[in-house]
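A quick write-up on the structure given underneath.
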Amino acid sequence: MRDMFAWFRGYIYRVTCRLFRQNIEIGEGLLIYKRLSIVGKGKVVLGKNCLIEGALGDSSQFVTLYTHGESAIIRIGDDVALYAARVSAKYEIIIGNDALIEQAGLLDTDFHSIDKSRKTPEGETRERCRIVVGDRVCIGARSFITRGVKIEDDVLVFPGSVVTSLIKAGSCVGGNPAKPVAC
Amino acid sequence: MGGFQSIVFTMCDIIKKIMADPRYAVHVLWALVRGCSYALYLGVVRRNVRIRLPFKAFARVTIIGPGRVILGKNCAVAHSAFKGLTIVTLSEDATVRIGENCHLTGLTIYCCNHVELGSKSMTAVSLIQDCLFVNQSFVRTRGKHSVNECGPIAIGSNAWLSTDAIILSGSKIGADCVVSVGSVCRDMEVKPYSLAMGNPVRRGLPIANVMRMTGST
């Protein structure tokens, strides 16, 4: 029953996006169990058979895909499960196939510089700030991915970790800042 | 006898608070009514949940899932800015056991194996999760790390979990422990009466030593 409703909700969302919101591309078979909120003028691409979930009975857990500015891109691969994930892009965020993101935040900009003026930070370019998450990556709850991070394939990020640097394929990381741990 | 004494003590405490601020009486009564109705509803409709009375609910209580949930006597769910108590059991043999006289504020529990909280423990807005990923069936089907780790969690009596603390699978926290703000504990055994801090927690600092160092005995 719940699956049927989720499929129907995903279908409606896909059709409305195709009709009214040209900047969003959604593949077939989207399942929406919890609210999906896409805000901003940037480009959002969701692959086939994606899953939008959140903890039951908690209305604050929903998926947000925010783009700041028209040049922003969020590109999400096939068979991805977003479990109350918060993705927010000013430049570019790419998520590979078969990934699982649980209650984690991905943010590819600092918004403000660290000096007193709090202006837009200098030296942020698309190449430096791009976040790339590989295939079959699992990101645990309440963890955070900062700008310019590349996570390669088959990585497991433990809950509650803050990732600030490149992570090599096939490793498990945890802690703040994230370091390889035994799994 | 001990139970009777504790009831008398809590009654004295409540009466003192009411004498200081009469509005507290209304709050407590409302919380008791709310808590009892939660307990009745969950006990009758959902047979796997058992809440011992009296149960004070100052905030929302959400209990989901097929597993077994047992709350001891005289627990209280206190006010929080964000959320009340949330317990999610992910499988049928999951067991959540919470002791007597607990004060739970904004606690979230995801359980697929076994979670035990001792009596008199206090929690702030924190997360207890005895599996690495909630969306379990999803993890098992993919990738190199095919097994999702599930280990029981045991938290001793009179422990205090501070704001944003995360307790993950396989952690054992002794009696009278304090888990500090924003720390993440996984696969660790923290000795009784010690302070666990850091992300990840490496070892517990004995609180007696900490008190001596800071000079506040």
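The values are calculated or read from the model by the stated rules, or taken from the named source; none is laboratory data. Treat the numbers as computed from the prediction; the structure is a model and nothing was measured. Cβ: placed from backbone, ideal geometry, glycine included. Neighbour counts: every protein chain shown.
So the values come out like this:
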{"read-out": "Residue list for the stretch A:54-80, restricted to those being modelled with pLDDT of 90 or more and either assigned to a strand (DSSP E or B) or polar (S, T, N, Q) (or both)", "value": "A:63, A:64, A:65, A:66, A:67, A:71, A:73, A:74, A:75, A:76"}
{"read-out": "Meets criteria (surrounded by fewer than 19 Cβ atoms within 10 Å (Cβ to Cβ), among the small types (Gly, Ala, Ser) and either more than 10 Å from chain A (Cβ to nearest Cβ) or under 13 Å from the mean Cα position of the chain (by Cα) (or both)) for residue B:151", "value": "yes"}
{"read-out": "Conditions (1) within 13 Å of chain A (Cβ to nearest Cβ); (2) at pLDDT below 90: number failed by residue B:165", "value": "(2)"}
{"read-out": "Extreme residue, nearest to residue A:169 (Cα to Cα), among residues of the stretch A:111-135 that are in contact with a strand residue (DSSP E or B) (Cβ under 9 Å, 6 or more places away or on another chain) and surrounded by 14 or more Cβ atoms within 10 Å (Cβ to Cβ)", "value": "A:134"}
{"read-out": "Test result for residue A:160, within 9 Å of chain B (Cβ to nearest Cβ), out of contact with any helix residue (DSSP H, G or I) (no Cβ under 8 Å at 6 or more places or on another chain), surrounded by 20 or more Cβ atoms within 10 Å (Cβ to Cβ) and closer than 19 Å to residue A:88 by Cα", "value": "yes"}
{"read-out": "Failed condition for residue B:44, given (1) more than 20 Å from the chain's Cα centre (by Cα); (2) surrounded by 10 or more Cβ atoms within 10 Å (Cβ to Cβ)", "value": "(2)"}
{"read-out": "Tally, over the stretch B:53-80, of residues that are surrounded by fewer than 18 Cβ atoms within 10 Å (Cβ to Cβ), within 12 Å of another protein chain (Cβ to nearest Cβ) and either within 18 Å of residue B:121 (Cβ to Cβ) or without any contact (Cβ under 8 Å) to a residue 12 or more places away in the chain (or both)", "value": "0"}
{"read-out": "Qualifying positions in the stretch A:163-183 - aliphatic (A, V, I, L, M) and either crowded, with 17+ Cβ neighbours inside 10 Å or away from chain B (no Cβ under 13 Å) (or both)", "value": "A:163, A:166, A:167, A:173, A:178"}
{"read-out": "Filtered residue count, the stretch A:82-140, keeping only those that are in a loop (DSSP other than H, G, I, E, B), within 14 Å of another protein chain (Cβ to nearest Cβ) and either touching a helix residue (DSSP H, G or I) at 6+ places or on another chain (Cβ under 8 Å) or of a type in the set (Val, Ile, Thr) (or both)", "value": "1"}
